[in-house]
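The values are calculated or read from the model by the stated rules, or taken from the named source; none is laboratory data. Source: prediction; values computed, not measured. Reconstructed Cβ throughout: ideal geometry from the backbone, glycine too, with neighbour counts over all protein chains shown. When the accessible area is computed, the model is the full protein with side chains, heavy atoms only, and any ligands, DNA or RNA have been set aside. Shrake-Rupley method; radii C 1.70, N 1.55, O 1.52, S 1.80 Å.
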Amino acid sequence: MQIDDIRISSLSAGPASWRDRTMLLIGVNRSPFTRRVAITLNIYGVAFEQRPLSGFGNRAEVRASNPLGRIPALVLDSGETLIDSDAIVDHLDEIHGGDRPLTPRYGADRRVVLKVAALMMGACEKCLHAAYEGNHRPPEKVHQPWIDDCMAQAANALSAIEAMIDPKQPYLLLGRLTQADVTAVVAERLARARGINTDSDMPKLRALTSKLAEQPLFQVSEP
Ligand SMILES: N[C@@H](CCC(=O)N[C@@H](CS)C(=O)NCC(=O)O)C(=O)O
């Protein structure tokens with residue numbers, strides 16, 4: 001990743017009045033979607049401030065930025081607010097990605113990175129649906145088969161990624177850092193926290209994401 005080149009090009013973009021303002025990331029890093037954006041901003045060397053709001057704990061404030069009431073939201077230097085991690089990282093790639101964006105711009109490389117990212121973000125959604133069933137419904141209405149099915153879907157997605165990993169490679173795809181790695185790190189962590197035994201069931205994914213998570217660009221947003 002040519003971080004220095006990318007920084008220079010991002011600083012010289014836009015009218016002078018934009019350059020003094022800092023982007024604002026809304027959301028807590030225990031949200032894998034928010035953390036994915038925080039890591040992406042770090043990798044691109046973009047300065048930002050973070051307001052650690054939670055979708056459930058700070059409903060009114062979150063809804064003021066995103067009518068849907070979800071984190072993350074990213075308030076740009078211009079004052080425009082972006083919502084949804086996919087749309088936010090797509091914007092960051094466009095503005096800061098130069099000729100090596102975290103999601104390649106075209107072709108088979110783009111498709112495979114998007115596929116891994118979709119599997120990993122989908123696994124996060126399934127883990128969270130399972131958590132919400134336990135956290136947001138009265139105990140007598142919690143339906144364990146639904147929780148089990150959600151967790152099985154998440155585990156299947158992680159297993160599909162496990163099968164793609166070459167342990168000799170430092171990154172998941174393309175021999176370089178991509179959005180596939182970013183999403184794998186946040187998804188593996190959430191899955192493990194929700195009881196999926198990645199040590200025994202997805203050892204290559206566990207090893208790769210542990211190594212990546214040690215890097216400062218990932219560590220700085222460790223929840
Ligand atoms: N597809 C969205 C998912 C965002 C999401 O589900 N965020 C959760 C926190 S991890 C949230 O704010 N949930 C509150 C709610 O759905 O009411 C993204 O990628 O940003």
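Key figures for this structure:
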| quantity | calculated |
| --- | --- |
| Using a Förster distance of 30 Å, the FRET efficiency for residue 111-residue 207 (Cβ separation, nearest 0.05) | 0.70 |
| Candidate residues 164, 151: accessible-area rank, largest first, probe 1.4 Å | 164, 151 |
| Simple label model, 7 Å out from Cα along Cβ direction - residue 131 to residue 30, nm | 0.7 |
| The chain: antiparallel DSSP beta bridges as a percent of all, rounded to 5 | 60 |
| For the chain, size of Cβ-based charge dipole, Lys and Arg +1, Asp and Glu -1, in debye | 200 |
| Label-point separation, residue 68 to residue 118 (7 Å along Cα→Cβ), nm | 1.6 |
| Inter-centroid distance (Cα atoms) of region 201-216 relative to region 107-136, Å | 17 |
| Contour excess over end-to-end distance, with Cα ends at residue 100 and residue 22 and 0.36 nm allotted per residue | 25.7 nm |
| Fully extended contour minus Cα-Cα distance, from residue 166 to residue 197, at 0.36 nm per residue | 9.2 nm |
| Region 123-206: trypsin sites (Lys or Arg not before Pro) falling in loop per DSSP and having at most 16 other Cβ within 10 Å | 168, 176 |
| Segment residue 90-residue 142, length gained on full extension (0.36 nm per residue, minus Cα span) | 15.1 nm |
| Å² of accessible area per residue within the chain, as computed with a 1.4 Å probe and no ligands counted | 51 |
| Heavy-atom accessible surface of region 110-223: percent carbon and sulfur, 1.4 Å | 53 |
| Accessible surface ranking that places the most exposed of 71, 161 first, with a 1.4 angstrom probe | 71, 161 |
